[in-house]
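What follows is a set of notes on a single structure, which appears directly below.
The values are calculated or read from the model by the stated rules, or taken from the named source; none is laboratory data. In this text, all values refer to a predicted model and were calculated from it rather than measured experimentally. Cβ sites come from the backbone with ideal geometry, for glycine too, and all protein chains shown count toward neighbours. For accessibility, only protein heavy atoms count, side chains too; no ligands or nucleic acids. Shrake-Rupley method; radii C 1.70, N 1.55, O 1.52, S 1.80 Å.
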Amino acid sequence: MTDAPLKLFNSLTRQLEVFEPVHAGEARVYTCGPTVYNYQHIGNMRAYVFADTLGRTLQWKGYKLTHVVNITDVGHLTSDADEGEDKMERMAAREGKSAWDIARFYQEDFERDLGRLNVQPKQHPRATEYVEAMIDWGKSIADKHCYELESGLYFDVSTVADYGRLARAVTEDGEGRIESVEGKRNAADFAIWRKTPAGETRQMEWDSPWGRGAPGWHLECSVMGEALLGFPFDIHTGGIDHREIHHPNEIAQNQAFCCNAKDDGGLDDPKNSGAKIWMHNNFLVERSGKMSKSSGEFLRLQLLVDRGYHPLAYRLMCLQAHYRSELEFSWEGLGAALTRLKRMVLAVYQLDDLCHGNWKSDDRVHPKVFDLRDKFDAAIGDDLNTPVALTALEELFGLKKVSHHDRLDAVRDLDAVLGLNLLKLTRTDLRIRPVSATITEAEIEAALARRKEARAAKDFAASDAIRDELAASGVEVMDGDPLGWEWKLS
Ligand code: AMP
Ligand code: ZN
């Protein structure tokens, strides 16, 4: 049996790198979490499925994992250019609730969705719990790296080496982007602290040496990452949009915090960025614009469930694409993922039946099982190539002349990485009634039982009539379905 090296793509060096932990035997990972001013869309959830698969892989490889996913409950503005309103305050005003209540509500919803996607529990620190630490951090870098304007304290990006390297979007001015707060020294400078404008009050504001106000958005991740994982930690993740602004700014703050002189803090040594490896998942895209939270009925996990799709079909859909590839959402694609998941669950049922629930493994595991584990290991070690890893899992189901115990054990082993919950999912779990369905599951089962009796009595007219009745209620009877599902809602 081999233990393939774990190669991961580092966005900072734009290279595959073999994972070598900062602390022997440990893996410390920070994932930029949600801004809890609204529900998460399924694109956001792709970022957490990816981070979870990474975390599971590190555990599977034997590392003790510490994984932080922060909760942004203050500071994220509607525009990335340090302008606009605070997203939390705006939603609070719109819903007539306190910003704190909004944050709790959407955090809970987010965590429920994580559970439904079988994302393992992680630490979820809230930005508002770290404001004092953010002020202390600001104080420690203010003299050398910041300047004050009427609107707040700003970070001068020219004070650190290699600003914007992560984004690779260097303009002639040597800056990653243009933006428009009056008086900035460099276009890319960003807020460390935003003063509450005179005459206004915010629901979320704190006293600081730079006036009453709230922290800039980028600061929280630097502060929580350092506080909970220590610099440098192993891996920092986020969606690919963060590669352009949020993470370059986090990195600049980290360099300012960690490095005494500009020349010592360059990014040729990725450790100066605060993390050894920066990883980014590509976007889930949808043509009609339903991913946008401003589009009314946007694509939430709950919408998928309401339409009869199990959340783990969405997890599988994510795993079917490499995390660095764009993934296009379609209902057909989701349907295909659900069918594939059903096939896997059915295969587990069959293995389980053969084992009669007895898990005892044979003394010697068949070499073919080892070969497939190696294939899986090589795929997952190749920058988390989950599409190939999935095929290794499926080959396992089909192995001939290999004990079913061994196959079931191996499925459990590989699913620890994929997180599809294959050994616990039941057929009933996967048969979700869309909210639009007018018939209950009990009524369907009762009708099917009557139909079975009619068929046993060779009363085919009655059997056909029941079938038609069910069809009229949107239930398709699937006689002879190779997957063994007796009915589905159409
Ligand atoms: P936000 O709450 O906007 O900070 O986003 C939470 C996470 O979702 C971040 O890591 C984003 O980069 C990521 N993200 C946002 N939109 C998408 C998308 N369409 N596909 C994948 N990830 C996304
Ligand atoms: Zn962040």
For region 1-113, what does the accessible surface come to per residue with a 1.4 Å probe? Please give it in Å². 37
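How much of the accessible area of region 17-150, probe 1.4 Å, is carbon plus sulfur, in whole percent? Mind dumping the intermediate values first?
Values: 2330 of 5250 Å².
Carbon-and-sulfur percentage of accessible area, whole number: 44.
At 0.36 nm per residue, minus the direct Cα-Cα distance, what do A198 and A378 gain on full extension? Give it in nm, one decimal, please. If you can, show how the numbers build up before the last one.
Values: separation 180, 0.36 × 180 = 64.80 nm, distance 5.90 nm.
So the extension gain works out to 58.9 nm.
Which of the residue pairs K342/K375; K87/K144; K375/K424; K122/K276 have a Cα-Cα distance greater than 26 Å in the structure shown? If you can, show how the numbers build up before the last one.
Values: K342/K375 23 Å; K87/K144 30 Å; K375/K424 24 Å; K122/K276 20 Å.
In this structure, K87/K144 lie more than 26 Å apart at Cα.
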Within 10 Å, count the other beta carbons around each residue, average over each peptide in 103-116, 45-58, and list them highest first. 45-58, 103-116
From phi via Karplus (6.51, -1.76, 1.60), per-residue ³J(HN,Hα) for region 93-100 in Hz, x at Gly/Pro: 5, 5, 8, x, 10, 7, 4, 5
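Rounded to the nearest 0.05, what FRET efficiency is calculated for V388 and A227 with R0 set to 41 Å and r the Cβ-Cβ distance? Could the numbers behind the result be given before it?
Working: r = 37 Å, r/R0 = 0.91.
Plugging the Cβ-Cβ distance into 1/(1 + (r/R0)^6) gives 0.65.
I'd like the carbon and sulfur percentage of the solvent accessible area for region 378-474, probe radius 1.4 Å, heavy atoms only, ligands and nucleic acids excluded.
Working: 2540 of 4660 Å².
Answer for region 378-474 is 55 percent, counting heavy atoms of protein chains only.
To the nearest 20 debye, what charge dipole does region 321-442 have about its Cα centre, counting +1 at the Cβ of each Lys and Arg and -1 at the Cβ of each Asp and Glu? Numbers along the way, then the final one.
On the way: 17 positive and 20 negative charges, 88 e Å.
Value, rounded to 20: 420 debye.
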For region 437-489, with the dipole built from +1 on Lys and Arg beta-carbon atoms and -1 on Asp and Glu ones, taken about the Cα centre, which of A457, A472, I444 lies farthest toward the positive end? A457
What list of ³J(HN,Hα) couplings, whole Hz, do you get for region 204-220 from phi and the Karplus terms 6.51, -1.76, 1.60, once you set θ to phi - 60° and write x for glycine and proline? 10, 8, 9, 7, 8, x, 10, x, 6, x, 9, x, x, 4, 5, 5, 4
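Rounded to a whole number, what is D in µm²/s for the chain from Stokes-Einstein with the Kirkwood radius over alpha-carbon pairs (20 °C, 1.002 mPa s)?
Numbers: Rh = 25.0 Å.
Answer from the Stokes-Einstein relation: 86 µm²/s.
Specify whether the C-alpha gyration tensor of region 437-489 places it in the rounded, prolate or oblate class, a ≥ b ≥ c being the square roots of the eigenvalues: rounded for a/c under 1.5, otherwise prolate if a/b is larger than b/c and oblate if not. Mind showing how you got there, number by number?
Working: a/c = 1.76, a/b = 1.26, b/c = 1.40.
Since a/c reaches 1.5 but b/c is at least a/b, the shape of region 437-489 is classed as oblate.
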Give me the extension gain from A437 to R455: residue separation times 0.36 nm, minus the current Cα-Cα distance, reported in nm with one decimal. 3.9 nm
Among 281-289, 249-257, how do they line up by average Cβ neighbours within 10 Å per residue, starting with the highest? 249-257, 281-289
Dipole of region 307-428, positive end: most advanced residue of S325, A416, H310 [Cβ charges, Cα centre]: H310
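For region 240-282, what is the charge dipole size about the Cα centre, in debye to the nearest 20, if Lys and Arg each add +1 at the Cβ and Asp and Glu each add -1 at the Cβ? It would help to have the intermediate numbers written out before the result.
Numbers: 4 positive and 7 negative charges, 23 e Å.
It works out to roughly 100 debye.
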As I understand it, the dipole of the chain uses +1 on the Cβ of Lys and Arg and -1 on the Cβ of Asp and Glu, about the Cα centre. Which of I240, S292, I380 lies farthest toward its positive end? I380
7 Å from Cα along Cα→Cβ at both K262 and K293: what's the point-to-point distance in nm? 3.7
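Explain nothing, just the number: dipole magnitude of region 256-377 about its Cα centre with +1 on each Lys and Arg Cβ and -1 on each Asp and Glu Cβ, in debye rounded to the nearest 20. It would help to have the intermediate numbers written out before the result.
Details: 18 positive and 17 negative charges, 67 e Å.
With only Lys, Arg, Asp and Glu charged at Cβ, the dipole is about 320 debye.
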Put a dot 7 Å past each Cα toward the Cβ at R14 and E395; how far apart are the dots in nm? 3.4
Please compute the contact order of region 310-409 in relative form: average sequence separation of alpha-carbon pairs under 8 Å and at least six residues apart, divided by the residue count, as a percent. 35
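Rounded to a whole number of µm²/s, how large is the Stokes-Einstein D of region 307-428 at 4 °C and 1.567 mPa s, given Rh as the Kirkwood radius over C-alpha pairs?
It comes out at roughly 86 µm²/s.
Relative to the present Cα-Cα distance, how much length would full extension add between R168 and M478 at 0.36 nm per residue of separation? Write out the running numbers ahead of the final one.
On the way: separation 310, 0.36 × 310 = 111.60 nm, distance 5.39 nm.
Contour length minus Cα-Cα distance gives 106.2 nm.
Pairs of Cα atoms under 8 Å, at least six residues apart: use those to get the relative contact order of the chain, whole percent. Spell out each step's value before the answer.
On the way: 800 pairs, mean separation 81.8, N = 490.
About 17 percent, as a whole number.
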Inter-label distance, nm, simple model (7 Å from Cα along the C-beta direction), E332/A187: 4.2
Packing-wise, with mean Cβ within 10 Å as the measure, how do 186-196, 221-231 rank, highest first? 186-196, 221-231
